[in-house]
Structures are given as C-alpha cells and as structure tokens.
Amino acid sequence: MSITSLWNIILIVLGFGMLIGLHELGHFIAAKWSGIRTNAFAVGMGPVVFSWRSGVGITFGSSTSKIVKKYGKDASAMSDGELKEHGLSETEYSLRLLPIGGFVSMLGQEDGKPEEVSQDPRSYNMCPIGKRMVVVSAGVVMNLLLAAVLFVGCFQVGVRFEAPVIGQVIPNTPASEAVASDGTHLLSGDKVVAINGKPAATFTDIQIAGAMSKPGDSVVLEVQRAGVDQTLSFTMTPRSVSQEGLLELGLYPASSLTIPEGETGKEVVSYLAAAYPILKDLTGGSQLVDIDGKEVSTWSELDSAIQQSGGETLITRWNSSNTVDEIKITPTPSFEQFVPATTYVAPTERGLLGLCPLPLIKSVVKESPNQGLLQDGDVVIGADFLEYPRQGQLRDILSKFTSDTMPLKILRNNEVIDIQAKVVSGKLGVLLTDAWDLPIVAQPVQQVIVHGKENQTVIAGKQVLGGSTLVSLNGNAVRSWYSFRKLIDASSGELNIVFHSPILDSPPVSLDLRLTTLQYDDIRNLGWTTPLVPALFEPLYVVRSSGGNPLVAMQMGVDETVNMVVMTYLTIDRLLRRSVGVDQLRGPVGIIHIGSRIADRGISYLLFFLAIISVNLAVLNFLPLPIVDGGLFLYLLYEKFRGKPPSIGFQNAAAMLGLGMIGILFVVTFYNDILRLIG
C-alpha cells in the first residue's frame with residue numbers, strides 16, 4: 001500500500017468519525033439546552049487518551065481517579081450542590097483512542113437499558129417530552145446541517161461530475177432497444193438533458209434513474225444530438241442486465257482522453273505498457289491530443305478515427321509530463337458479443353457466428369498462487385472435466401469450484417501440459433483474455449439471448465467440435481481470428497469453412513454456410529478496436545458550481561441535501577421491493593475503501609462524499625427501529641399520547657430485536673465489503 005493510499009484511508013476514517021462525533025454533539029447541545037445533566041461527552045471510542053473537566057483541568061486518561069481520590073466518590077455520584085461546592089463541572093470532556101464516533105452520557109438515559117431511570121429533576125426521563133424529542137432528534141438535525149454546509153462549500157469551489165453524455169450503449173439492454181420517433185437508437189455522444197421531465201445534471205442522475213425506478217416502470221430520456229435540431233425522446237424499462245442484480249438502462253458515460261491521476265493512473269499505464277511498451281513513460285494526467293494530425297478530446301472522437309481507419313495504422317500524439325514520441329497504433333477487428341442462453345458469471349462471450357476463441361492467460365499477477373506453474377501466454381484447453389472451454393465457461397467453473405486445486409490442460413509453445421492449478425476464492429490469480437492469434441475454436445455457443453428472447457447462432461446444430469482448428473475460408477488460409485473476420489468481410493455472405501477436427505487422424509471437415517443479409521451486415525459493421533478502451537481514461541466531466549455566489553451555493557446545498565434524503569429512503573424502498581439486492585450494501589470497510597479512492601480526486605470530492613455519508617447517517621438514525629434515534633422518538637410519541645412510556649419488558653425485547661437487526665446488517669455489509677476487496 002502506498003503512502004498516499006494510507007493517508008487517504010486515515011482521512012476517511014477521521015472524516016467518518018467526525019460525522020458520528022458531530023451527531024453526538026447535536027444530542028449534547030440539545031441536552032444542555034434542555035437542562036438535562038450530562039455526565040460525559042466523548043469524541044471517539046475506547047480508552048480515554050486525555051480528558052478535561054472544569055475544576056480539574058486537563059488529565060491524561062480519565063479524571064475519575066483524581067476526583068475519587070480527592071473527594072471519595074466520582075463526580076457522577078455527586079449532587080449539583082456538591083459539584084458546585086467542590087468547583088467541579090458536571091461534564092467530563094474526553095478524547096478517546098479510536099476515532100470512530102463519540103457518545104453523550106445523560107443522567108437517566110442509557111442505550112439498551114430502559115430501566116436505568118432516575119428521579120433526579122434534571123434526569124432525562126424527568127425532562128418534558130417535547131424537550132426530549134428535541135434531544136433525540138438533534139443528532140439527525142446536526143448531520144443534515146453538516147451535509148448542507150459541506151455541499152455549500154463544494155458548490156462554492158466547484159465539483160466535477162461525470163457529464164450526462166452517453167459513451168457506450170451496451171448491447172441487449174433497455175437502452176440498446178429504445179427507439180426514438182424518427183427510428184434512430186441512442187448513440188455515443190448523445191447528451192441527456194432531461195430524465196422523466198426533470199433536468200439531468202450529471203451521468204449519475206441517469207444511473208440512479210434506472211436503479212431507483214420501480215420494477216416495470218419506464219424511464220424517459222430526452223436527448224440532444226449533434227446536427228439534430230429537435231430533442232429526441234427515448235423510452236425504456238430498466239431491468240437487471242448484469243450479475244450485480246441492479247435495475248439498469250445499459251449505458252456507460254462518455255470518456256475523455258486523459259489518464260487518471262493517483263493509483264488508478266498507475267494501473268492504467270501498466271496495462272497500456274503491456275500492449276505498447278513505448279507508453280510506459282506516460283503518467284497520470286497524460287492526454288491523447290492528436291490522431292493523424294487531427295485534434296481529439298473525447299473517446300468518441302478517438303473511436304470515430306479508429307472506425308474510419310479500415311485497420312490502417314494510426315499515429316497518435318500525447319501531452320505528458322514525460323517526453324513521449326509519436327505512438328503508432330494498428331487497430332484490430334472487433335468481434336460479436338454473445339449473451340449465452342445459460343446464466344453464469346461472465347454475461348458475454350466474444351467471437352463470430354457462435355464460434356469463440358480459447359481463454360489466454362495474458363499475465364500472472366505477482367500475488368498469484370500459481371506463480372511458477374502458469375506462465376504469460378498459456379492457452380487453456382481444458383479445465384476440470386470440460387475440454388476447450390470458452391473464457392466465460394472457465395470463469396464460471398472457477399467461481400463454483402470448491403477444491404484447492406483444479407486440473408488444467410495448458411497449451412504452451414505447441415505442447416500440451418497438465419497442471420494442478422491452485423484456486424483461491426474462485427481465482428487463479430491471472431489476467432484472462434481471448435486467444436485471438438490462435439485459430440482454435442472453443443465450445444461453440446448454440447443459443448444466445450437477443451432482446452430478451454433465445455435465438456440460435458449461425459453455427460448452432462452444425463456439429464462443430466470444441467478444439468477444431470480454423471484452416472481456411474473460401475479457399476483462403478485462416479491464420480488468426482483477425483484474418484477470419486477480414487475474410488468474412490471480404491466474402492459475399494457465402495462461406496465455405498474448413499476445420500481440422502480435434503480427433504486424431506480425422507480428415508478435414510468442410511462446412512458451407514449462407515449468411516442472411518442482416519447477419520452479414522452485422523459482422524461487417526462490427527468495426528475496429530484498440531487497447532485504448534474508454535475505461536482507461538477519465539470520464540468526460542461537467543463542473544457543478546455556484547459561480548462564486550454564496551446564495552446560489554446555499555440553494556444548491558439545500559437541494560442536494562433534500563435529494564440525498566429522498567434517495568436514501570428510495571434505496572430502502574427498493575431493498576424491500578428487491579430491485580436492489582442486499583449484496584449492494586456497504587459497511588464501514590466498504591465506505592472507507594470507496595472513500596480512499598475518492599480522496600485521490602481532490603478535497604472537493606472528499607467533502608462531497610462525506611456530505612452524502614452524513615445524510616445517510618441522518619436517515620438511517622431516524623428510521624423507526626429500536627435502539628436508533630427514530631425508535632426512541634416513537635417511544636416518546638407513545639408516551640405523549642398514552643401518558644406513560646412503553647413497558648420495560650417491551651423496551652428490552654425491542655432493544656434485543658434492534659441489536660439483532662443491526663448485528664445482522666453489520667455481518668452482511670462486512671461480508672459484502674470483504675468479498676469486494678478480495679475479488
């Protein structure tokens with residue numbers, strides 16, 4: 001872990017602790033206002049580092065031992081008159097070792113112990129109900145006020161968000177199926193200006209509109225397109241299209257051509273250097289600015305140049321803190337994406353006509369348990385009991401594998417090698433890709449999902465065996481999947497494919513196929529690709545700012561706070577409707593992990609993230625559940641209308657239920673967090 005990452009984690013832990021501490025400060029201020037005796041106010045949890053009490057001063061550790069030694073009993077056991085006589089404050093203020101919150105100790109009120117009441121006129125339980133309601137709700141109010149202040153500060157400075165511009169439309173998703181009145185589909189570069197009639201400020205608004213919609217309800221996107229005067233309208237019904245289980249539209253945000261800063265940038269440069277060693281000198285912030293003498297600024301413009309290249313080499317120029325020469329990039333053919341009619345871990349396969357390449361081990365990661373066993377460039381031709389698996393099938397087998405070792409057959413330097421590979425948490429510790437340079441066919445895909453329906457592939461029922469080698473197409477030699485694609489492009493749709501069977505001493509197999517016009521056009525329109533994929537670059541950003549006007553910033557801050565409150569309640573509603581799964585919940589570990597990555601992007605992002613967490617704390621604390629503030633508020637309403645609080649037995653039972661629910665939530669979120677970290 002780098003020093004920067006460690007510092008980011010420390011910042012998030014301190015920030016998270018600050019949010020909880022300020023929540024408790026709200027209770028404390030309200031208790032003082034109500035005249036309730038407060039014995040302690042602590043920042044942090046665990047052992048006391050140092051404390052301060054009027055009449056004692058600063059003490060390393062708690063002041064209790066000093067007071068007991070001098071007066072024979074602790075300050076909490078003294079009456080108001082005794083405290084005044086000894087010149088002592090009723091409250092000990094302490095800083096504790098663990099920066100994860102704080103607490104207020106009020107006379108006659110102890111969480112989880114409703115029987116701990118007091119007859120002292122300054123106790124919590126003797127305080128008027130209206131004032132107790134203020135005390136109980138003050139923590140939530142403090143969190144909401146803090147969120148509003150943080151949002152105001154962020155909008156005064158200006159915060160970058162992903163622009164509401166479409167980068168990619170994922171095949172076989174609601175977005176890909178939506179059609180405007182003029183018959184066109186959503187395209188890369190389209191700008192979303194409104195969602196269900198409300199203005200779209202960021203791409204997050206689009207994602208949330210999908211995830212937070214009620215199952216079966218449609219979402220309407222109003223889109224501006226370059227060269228089109230009128231706004232286009234697209235209606236779609238979100239559905240789950242990935243293993244995450246969330247309702248989605250199937251859109252990716254537009255990307256710039258700037259490599260990210262921080263740890264993410266280092267990962268990107270490492271990936272690019274593997275494809276183009278000359279790019280190893282790039283750094284975070286490096287920007288691709290020119291292709292064949294034409295200025296570019298977005299990935300869509302880069303992709304347009306790639307598609308127009310016809311596969312010819314392109315010359316790219318970069319702005320970087322290091323000197324980087326012109327980079328020559330040769331596009332390679334793109335391939336079809338199949339969604340097999342069998343549900344497994346990898347949602348798509350890539351290939352042509354239903355034929356797919358074998359899995360290739362691009363690299364063995366440093367921490368891999370298979371260092372020395374597997375090598376870069378190994379091709380997997382057998383996994384467990386499945387011969388010639390597709391990449392998706394291999395990932396699926398690994399995800400369900402329960403033993404520590406898996407038998408693999410590896411093709412290495414034209415030699416077949418049997419290996420007992422080590423499997424840890426469903427992983428080999430390798431980067432998998434497709435063996436495009438090796439014209440050997442994996443298990444063919446017979447059935448695919450297209451627009452929610454099962455369709456047969458072109459190769460379905462043709463008895464092509466996994467492990468067959470592509471020899472020729474229409475009499476021309478096939479040397480790789482790239483040449484296979486080019487030969488299909490050059491054909492008229494009439495295909496004669498010759499295979500070598502994987503069965504020894506079998507004669508070549510000849511297969512005649514006639515593509516429909518639609519099938520042939522779909523392949524020819526696949527276009528070209530390079531390793532410079534959108535995910536490697538920073539998103540295309542839009543800045544949300546008040547323009548330096550504090551009044552506008554205040555309005556934006558209040559609006560954002562209200563939006564986040566509504567969004568948190570909507571999330572709870574969608575959890576109950578099961579359109580958002582519990583596996584999407586994150587606990588403290590997940591929050592710290594996400595926050596540490598966000599902190600890489602600057603102080604405004606960090607403050608915005610903390611504001612969101614502050615709103616979530618407020619909403620969750622005021623849910624009508626035992627133990628949390630919302631449950632205590634309900635007890636006060638009951639006492640107001642019935643003239644007495646709920647029975648001690650009921651409160652104890654409810655407290656146990658509340659603790660159990662919180663415990664289950666903690667276990668689930670902690671489990672989710674750990675799975676994400678190790679995955």
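The values are calculated or read from the model by the stated rules, or taken from the named source; none is laboratory data. Note that the coordinates shown come from a computational prediction; the quantities given were computed from them, not determined experimentally. Note that each Cβ is placed from the backbone with ideal geometry, even for glycine, and that neighbours are counted across all protein chains shown.
Mind listing whichever residues of the stretch 380-397 are hydrophobic (A, V, I, L, M, F, W, C) and crowded, with 21+ Cβ neighbours inside 10 Å?
Within the stretch 380-397, VAL380, ILE381, ALA383, LEU394 qualify.
Give the residue, chosen from ILE170, ILE206, that is crowded, with 20+ Cβ neighbours inside 10 Å and in contact (Cβ under 8 Å) with a residue 12 or more places away in the chain.
ILE206
Evaluate the stretch 424-436: report whether one residue or more is surrounded by 19 or more Cβ atoms within 10 Å (Cβ to Cβ), among the aromatic types (Phe, Trp, Tyr) and touching a helix residue (DSSP H, G or I) at 6+ places or on another chain (Cβ under 7 Å).
yes
Do the conditions hold for MET212, that is, is it surrounded by 17 or more Cβ atoms within 10 Å (Cβ to Cβ), out of contact with any strand residue (DSSP E or B) (no Cβ under 7 Å at 6 or more places or on another chain) and touching a residue at least 24 places away in the same chain (Cβ under 8 Å)?
yes
Against the definition (under 17 Å from PRO539 (Cβ atoms) and out of contact with any helix residue (DSSP H, G or I) (no Cβ under 6 Å at 6 or more places or on another chain)), how does THR231 come out, yes or no?
Values: under 17 Å from PRO539 (Cβ atoms): no; out of contact with any helix residue (DSSP H, G or I) (no Cβ under 6 Å at 6 or more places or on another chain): yes.
No, not satisfied.
Could you list all residues from the stretch 427-452 that are touching a Cys at 6+ places or on another chain (Cβ under 9 Å) and not acidic (Asp, Glu)?
VAL441, ALA442, GLN443, PRO444, VAL445 - these are the residues of the stretch 427-452 that are touching a Cys at 6+ places or on another chain (Cβ under 9 Å) and not acidic (Asp, Glu).
Do we find that SER63 is among the hydroxyl-bearing types (Ser, Thr, Tyr), exposed (fewer than 14 other Cβ atoms within 10 Å of the Cβ) and either at pLDDT below 90 or over 32 Å from the mean Cα position of the chain (by Cα) (or both) in this structure?
Taking the combined requirement at face value, the residue does not satisfy it.
In a loop (DSSP other than H, G, I, E, B), at pLDDT below 90 and loosely packed, with under 15 Cβ neighbours inside 10 Å, is that true of GLY310? Working first, answer last.
Details: in a loop (DSSP other than H, G, I, E, B): yes; at pLDDT below 90: yes; loosely packed, with under 15 Cβ neighbours inside 10 Å: yes.
Judged against the criteria, GLY310 is a match.
Residues being touching a residue at least 24 places away in the same chain (Cβ under 8 Å) and either part of a loop (DSSP other than H, G, I, E, B) or farther than 30 Å from VAL478 by Cα (or both): count how many of those fall in the stretch 394-418.
5
When you check PRO121 against the structure, is it modelled with pLDDT of 85 or more, more than 28 Å from ASP303 (Cα to Cα), out of contact with any Lys or Arg (no Cβ under 9 Å at 6 or more places or on another chain) and outside any helix (DSSP H, G or I), yes or no? Reasoning before the result, please.
Details: modelled with pLDDT of 85 or more: yes; more than 28 Å from ASP303 (Cα to Cα): yes; out of contact with any Lys or Arg (no Cβ under 9 Å at 6 or more places or on another chain): yes; outside any helix (DSSP H, G or I): yes.
In short, yes.
Cβ contacts < 7 Å: first residue within 11 Å of SER255 (Cβ to Cβ) and not assigned by TED's automatic domain parsing to the domain that holds GLN168, restricted to the stretch 296-313; second residue part of a helix (DSSP H, G or I) and basic (Lys, Arg), any location; separation 6+ or different chain. Result?
The qualifying pairs do not exist here.
Need a quick list: helices (runs of 4 or more DSSP H) entirely within the stretch 1-109 having at least 1 residues that are under 30 Å from PHE608 (Cβ atoms) and touching a Ser or Thr at 6+ places or on another chain (Cβ under 7 Å).
3-34
Can you tell me how many residues in the stretch 492-512 are in a strand (DSSP E or B) and either under 40 Å from the mean Cα position of the chain (by Cα) or not hydroxyl-bearing (Ser, Thr, Tyr) (or both)?
Taking the stretch 492-512 and keeping what is in a strand (DSSP E or B), we get 494-500, 509-512.
Going one step further and asking which of them are either under 40 Å from the mean Cα position of the chain (by Cα) or not hydroxyl-bearing (Ser, Thr, Tyr) (or both), we end up with 494-500, 509, 511-512.
Residues that pass the stated criteria total 10.
Assess whether ALA180 counts as being of a type in the set (A, V, I, L, M) and within 30 Å of GLY57 (Cα to Cα).
no
For the stretch 302-320, state whether one or more residues are closer than 16 Å to ALA535 by Cβ and in contact with a helix residue (DSSP H, G or I) (Cβ under 7 Å, 6 or more places away or on another chain). Even if it seems obvious, please write down each step before you answer.
Keep residues of the stretch 302-320 that are closer than 16 Å to ALA535 by Cβ, which gives 302-303, 306.
Now narrow it down to the ones that are in contact with a helix residue (DSSP H, G or I) (Cβ under 7 Å, 6 or more places away or on another chain): none.
No, that holds for no residue.
Among (1) buried (at least 17 other Cβ atoms within 10 Å of the Cβ); (2) at pLDDT below 85; (3) under 26 Å from the mean Cα position of the chain (by Cα), where does THR342 come up short?
Every listed condition holds for THR342 apart from (1).
Would you be able to say whether some residue in the stretch 278-288 is surrounded by 14 or more Cβ atoms within 10 Å (Cβ to Cβ) and either assigned by TED's automatic domain parsing to the domain that holds ARG225 or at pLDDT 85 or above (or both)?
yes
Please work out which one of (1) more than 24 Å from GLU312 (Cβ to Cβ); (2) touching a residue at least 40 places away in the same chain (Cβ under 8 Å) is the condition THR530 fails and give its number.
If we test THR530 against (1) more than 24 Å from GLU312 (Cβ to Cβ); (2) touching a residue at least 40 places away in the same chain (Cβ under 8 Å), just (1) comes out false.
Out of all the residues in the stretch 401-422, is one or more modelled with pLDDT of 90 or more and under 29 Å from the mean Cα position of the chain (by Cα)?
yes
Out of all the residues in the stretch 470-492, which are surrounded by 18 or more Cβ atoms within 10 Å (Cβ to Cβ) and aromatic (Phe, Trp, Tyr)?
TRP481, PHE484
Just wondering, is there one or more residues in the stretch 157-167 that are assigned to a helix (DSSP H, G or I) and either in contact (Cβ under 8 Å) with a residue 12 or more places away in the chain or surrounded by fewer than 18 Cβ atoms within 10 Å (Cβ to Cβ) (or both)?
Of all residues in the stretch 157-167, those assigned to a helix (DSSP H, G or I) come to 157.
Now drop any that are not either in contact (Cβ under 8 Å) with a residue 12 or more places away in the chain or surrounded by fewer than 18 Cβ atoms within 10 Å (Cβ to Cβ) (or both), which leaves 157.
Yes, there is a match, as at least one residue in the stretch 157-167 is assigned to a helix (DSSP H, G or I) and either in contact (Cβ under 8 Å) with a residue 12 or more places away in the chain or surrounded by fewer than 18 Cβ atoms within 10 Å (Cβ to Cβ) (or both).
Would you be able to say whether some residue in the stretch 454-469 is farther than 26 Å from PRO389 by Cβ, in contact (Cβ under 8 Å) with a residue 12 or more places away in the chain and either outside the structural domain of LEU352 (by TED's automatic domain parsing) or surrounded by 15 or more Cβ atoms within 10 Å (Cβ to Cβ) (or both)?
No, the conditions are met nowhere in the stretch 454-469.
Can you find even one residue in the stretch 317-325 that is more than 30 Å from ALA460 (Cβ to Cβ), at pLDDT below 80, of a type outside the set (S, T, N, Q) and surrounded by 17 or more Cβ atoms within 10 Å (Cβ to Cβ)?
Yes, that holds for at least one residue.
From (1) assigned to a helix (DSSP H, G or I); (2) modelled with pLDDT of 90 or more, pick out the condition that doesn't hold for VAL152.
It is condition (2) that VAL152 fails.
Yes/no matrix, rows are residues, columns are (1) farther than 21 Å from PHE155 by Cα; (2) of a type outside the set (A, V, I, L, M, F, W, C); (3) assigned by TED's automatic domain parsing to the domain that holds THR298; (4) modelled with pLDDT of 80 or more:
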position: VAL558; (1), (2), (3), (4): no, no, no, yes
position: LEU570; (1), (2), (3), (4): yes, no, no, no
position: ARG577; (1), (2), (3), (4): yes, yes, no, no
position: GLY602; (1), (2), (3), (4): no, yes, no, no
position: LEU606; (1), (2), (3), (4): no, no, no, no
position: VAL619; (1), (2), (3), (4): yes, no, no, yes
position: PHE622; (1), (2), (3), (4): yes, no, no, yes
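Tell me which strands (runs of 3 or more DSSP E) are completely within the stretch 441-491 and hold 3 or more residues being closer than 28 Å to SER176 by Cα, or say none if there are none. Steps first, answer last, please.
On the way: elements: 447-450, 453-456, 469-473.
In the stretch 441-491, 447-450, 453-456 are the strands (runs of 3 or more DSSP E) which contain 3 or more residues that are closer than 28 Å to SER176 by Cα.
Could you say whether any residue in the stretch 169-186 is under 21 Å from the mean Cα position of the chain (by Cα), among the hydroxyl-bearing types (Ser, Thr, Tyr) and not in a loop (DSSP other than H, G, I, E, B)?
No, because not a single residue in the stretch 169-186 is under 21 Å from the mean Cα position of the chain (by Cα), among the hydroxyl-bearing types (Ser, Thr, Tyr) and not in a loop (DSSP other than H, G, I, E, B).
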